[in-house]
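Here is the structure we will look at.
The values are calculated or read from the model by the stated rules, or taken from the named source; none is laboratory data. None of these values were measured; they are calculated from a predicted model. Because the Cβ atoms are built from the backbone with ideal geometry, glycine has one as well, and the counts that use them run over all protein chains shown.
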Amino acid sequence: MRYVIIGNSAAAIGCVEGIRQVDQEGPITIISREKYHTYSRPLISYLLAGKTDGERMKYRADDFYEKNGCEVMLGRTAVAIDSLAKTVLLDNGERVPFDRLLCATGSKPFVPAMEGLESVPVKHTFLSLDDAKALDQDLTEESRVMILGAGLIGLKCAEGIAKKVKSVTVVDLAEQILPSILDTAAAAMVQKHIERQGIRFILGTSAKCFTPSRAELKNGSAVDFDVLVLAVGVRPEVELLKNAGADIERGVQVDSHCMTSLPDIYAAGDCTQSYDITSGTERVLALLPNAYRQGEVCGLNMAGLETSYDKAIPMNAIGFFGLHMLTAGSYVGEEYVVQSDSAYKKLVTRQGVLKGYILVGDVARAGIYTALIRDETPLDTIDYELIKEKPQLIAFSKGKRDRVLGGA
Amino acid sequence: MKRIYVNEKWCLGCHLCEYYCAFANSGEKDMVKALKGVQINPRIQVEEKDGISFAVSCRHCEEPLCVKGCITGALHLVDGVIEIDKEKCVGCYTCILTCPYGCVMPSDEGVIQKCELCLNNAGGKPACVEHCPNKAIVFEER
C-alpha cells in the first residue's frame, strides 16, 4: 500500500501516526509546499515574541520522518490530482503514484478586495512561518502597525509584535473582538486587558481605501501605518480537490471515515468541513486538535482499520498577555453567567445537555466541561449545581467516578 | 501498564498526597524547606464534599486527548506515560481544554504541569501512593 500525503502540518502528522498504528510497512510520501520540517503553525506569534524558536517549534522530533518510514518532498507543490490514474502531479512535472491519498492542504488567508490595497508596499498575511519571518523583517522599533482583523490570528499577531514596535492598531468590522469565540461581555473584558498593553482598537468599521501608508476608514477616521497585516480571515484551501472533481461546500466534504467523494482520497484538517454536534451543522472547524484527530482517523482508515470521526466540536484555548480563555461548543440556549473583575464564566445548556461554555481568567479543569459537551452527557445524570460552581468529578455518579479513578 | 488508582472508600481526605506530590516535585531534599510558607500547587488534587473525598491525578489515558491535541508536540507518550517537555510548551492551555478529568494544570513556572508518576523527579515512584496513610491510592496493573 502506497500512501501519499499532501501537507505537512497537524492533520498530515496525525495521518502518519494513524497509518503506523496499523501498517508499519507501506511507504508514505509527504508532499509539502513549505520547505520546513513539520512545525506548529499556531506558534508563529510566539516566535515573533521570542517565546519559542525554530528548534522548539518543531511539531515532531527531527527523526520523525525517518522513524515512520516517510519520504518527504519539501518545497514541492502538488498542482493536480488524477483520481482515476491515482497520481499526484508536482510542480516539477513529476507524477507521484498512490493507493491512498490524504489531502491536508489547510487554509489560506482571505483578503477581501479593497480600494488601493495594491498600492501598499509593506503588507503581510499571518498564517505560515514564512509569513512570520517576512513580517519580522519589516518590523522596527519605530514601526506603526495596522492589523486588519480582531480575530484569533490578528490578535495573536498583535500580541507577538507588541513589544517590538512603536504602535499597534487593530481594526475590525465587528463591534467586538474575537467574535468567533467570545460573547460581547467576555470580549469587552479581554479587550480592556489587551488595551492595557498599549494596543489600540477601532471596531465596528472597516477600511474604505488605502494609500501606501494610510487607511481611510468607513467611519471617517484614518490610520497611518508603516506595516499592514491582513488578518481578516481564512478560507479552506480546496482547489486541488475541487479541480479533481471532489464535492466541496464551505470546505471539502468528507464522510464519517473522512473520505472525500472520490474513492481512496481522504481529506482532513482546515481544508475540510465537519459536523459540529453542538450546532447540528456542517462547519469548517479549523483548529489544531480536530485537525490532528481527523488526520489520525484518515490514517487508520487508509491503512484498513475502519474508524469513524465523530464528536467534533468547536473549541479554543487562547491567551493574550497572560489572560487565558477557553471556549467550546455553541452559545445558543439557556445561559448561566458569573462575572467578576478578573474572571468570566458562561455555561450554555439546551435540551438537557451542556452545549457550550466561555471561561476567561479562571480556566482550571475546563476539560471536564468540554467532555460534558462532547459526550452529550444528560445533565440529570450529574449534579449540575456542582458543575455550575466549578468543573469537578464529584458532580458525577459514584459509578462513573469508580470507572474513571478506580479502573472499575 | 501500572497506573495510579484511587479507592474513595478509603480516602480520609487528609490531603497528604497533595503535600507529598508538591514536595516530590519541588527538587528540595527537605520537606519543611520545600513546603514551609508555600502555597502548594500539586499535580494530584483532592475533591471533597459531604463526607466524600478522593484524589484525582492524570489517568495516563490510552487515547490521550491532551497528547493528541497538543499544539506544540510538548505532551508526548513514553512507554504509555504522558510526559511534558517544558522547553517546548508555550502554555497555550489546549490540554486544560481537552483533558476530560481536569488533570493538567498551570505550573508555577508559567507553562503546564501534570502527574508523570514521579518518574522524572528524585522519587522515581509515585510519592502520593507511597505516603497515602490508608492505602486509598495505589499504583498497580488493573
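Considering the stretch A:235-266, the residues that are touching a Pro at 6+ places or on another chain (Cβ under 9 Å) and among the basic types (Lys, Arg) include one that is farthest from residue A:106 (Cα to Cα), namely A:250. Within the stretch A:345-354, the presence of at least one residue that is within 14 Å of another protein chain (Cβ to nearest Cβ), at pLDDT 95 or above and surrounded by 14 or more Cβ atoms within 10 Å (Cβ to Cβ) is confirmed.
In the stretch B:104-124, is there at least one residue being buried (at least 19 other Cβ atoms within 10 Å of the Cβ), outside any helix (DSSP H, G or I), at the interface with another protein chain (Cβ under 9 Å from one of its Cβ atoms) and at pLDDT 95 or above? Yes, because at least one residue in the stretch B:104-124 is buried (at least 19 other Cβ atoms within 10 Å of the Cβ), outside any helix (DSSP H, G or I), at the interface with another protein chain (Cβ under 9 Å from one of its Cβ atoms) and at pLDDT 95 or above. All conditions in (1) surrounded by 23 or more Cβ atoms within 10 Å (Cβ to Cβ); (2) without any contact (Cβ under 8 Å) to a residue 40 or more places away in the chain; (3) of a type outside the set (Gly, Ala, Ser) hold for residue B:63, with the sole exception of (1).
Under the condition of being over 14 Å from residue B:7 (Cα atoms) and touching a residue at least 24 places away in the same chain (Cβ under 8 Å), which residue from the stretch B:125-142 is surrounded by the most Cβ atoms within 10 Å (Cβ to Cβ)? Only one residue tops the list, namely B:126.
Looking only at residues that are facing chain B (nearest Cβ under 7 Å) and outside any helix (DSSP H, G or I) in the stretch A:383-408, which one is surrounded by the most Cβ atoms within 10 Å (Cβ to Cβ)? So, considering only residues that are facing chain B (nearest Cβ under 7 Å) and outside any helix (DSSP H, G or I), the one surrounded by the most Cβ atoms within 10 Å (Cβ to Cβ) is A:391.
Cβ-Cβ contacts under 9 Å between residues 6 or more apart (or on different chains), taken from a first residue in the stretch B:24-47 that is more than 24 Å from residue B:59 (Cα to Cα) to a second residue that is modelled with pLDDT of 95 or more and in a loop (DSSP other than H, G, I, E, B), are absent. Of the strands (runs of 3 or more DSSP E) entirely within the stretch A:281-363, those holding at least 1 residues that are within 15 Å of residue A:255 (Cα to Cα) occupy A:281-283. Could you check the stretch A:23-61 and list, in sequence order, the residues that are under 20 Å from residue A:7 (Cα atoms) and among the hydroxyl-bearing types (Ser, Thr, Tyr)? Within the stretch A:23-61, A:29, A:32, A:36, A:38, A:39, A:40, A:59 qualify.
Among the candidates A:20, A:60, the residue that is within 12 Å of chain B (Cβ to nearest Cβ) and crowded, with 18+ Cβ neighbours inside 10 Å is uniquely A:60. Scan the stretch A:355-382 for residues that are β-branched (Val, Ile, Thr) and at the interface with chain B (Cβ under 10 Å from one of its Cβ atoms) and the total you get is 3. So for the stretch A:53-68 (the condition being of a type in the set (S, T, N, Q) and either in contact with a strand residue (DSSP E or B) (Cβ under 8 Å, 6 or more places away or on another chain) or not assigned by TED's automatic domain parsing to the domain that holds residue A:12 (or both)), does at least one residue qualify? Yes: the stretch A:53-68 contains one or more residues that are of a type in the set (S, T, N, Q) and either in contact with a strand residue (DSSP E or B) (Cβ under 8 Å, 6 or more places away or on another chain) or not assigned by TED's automatic domain parsing to the domain that holds residue A:12 (or both). When the stretch A:27-57 is filtered for residues that are assigned to a loop (DSSP other than H, G, I, E, B) and more than 8 Å from chain B (Cβ to nearest Cβ), the ones remaining, listed by number, are A:27, A:33, A:34, A:35, A:36, A:37, A:38, A:49, A:50, A:53, A:54, A:55.
Every test in (1) surrounded by fewer than 14 Cβ atoms within 10 Å (Cβ to Cβ); (2) assigned by TED's automatic domain parsing to the domain that holds residue A:288; (3) not hydroxyl-bearing (Ser, Thr, Tyr) is passed by residue A:113 save one, and that test is (2).
Applying the criterion of being out of contact with any Gly (no Cβ under 9 Å at 6 or more places or on another chain) and within 13 Å of chain B (Cβ to nearest Cβ) to the residues of the stretch A:288-316, the residue that is surrounded by the most Cβ atoms within 10 Å (Cβ to Cβ) is A:309. Consider the stretch A:133-155 and keep the residues that are in contact with a helix residue (DSSP H, G or I) (Cβ under 8 Å, 6 or more places away or on another chain) and in a helix (DSSP H, G or I). The one that is surrounded by the most Cβ atoms within 10 Å (Cβ to Cβ) is A:155. Within this structure, residue A:30 passes the test of being crowded, with 22+ Cβ neighbours inside 10 Å and either within 18 Å of residue A:97 (Cβ to Cβ) or not assigned by TED's automatic domain parsing to the domain that holds residue A:293 (or both). For the criterion of being within 11 Å of another protein chain (Cβ to nearest Cβ), part of a loop (DSSP other than H, G, I, E, B), buried (at least 22 other Cβ atoms within 10 Å of the Cβ) and touching a residue at least 12 places away in the same chain (Cβ under 8 Å), residue B:89 passes. Selection within the stretch A:326-344: residues that are buried (at least 24 other Cβ atoms within 10 Å of the Cβ) and touching a Gly at 6+ places or on another chain (Cβ under 7 Å). The member of this set that is nearest to the other protein chains (Cβ to nearest Cβ) is A:328.
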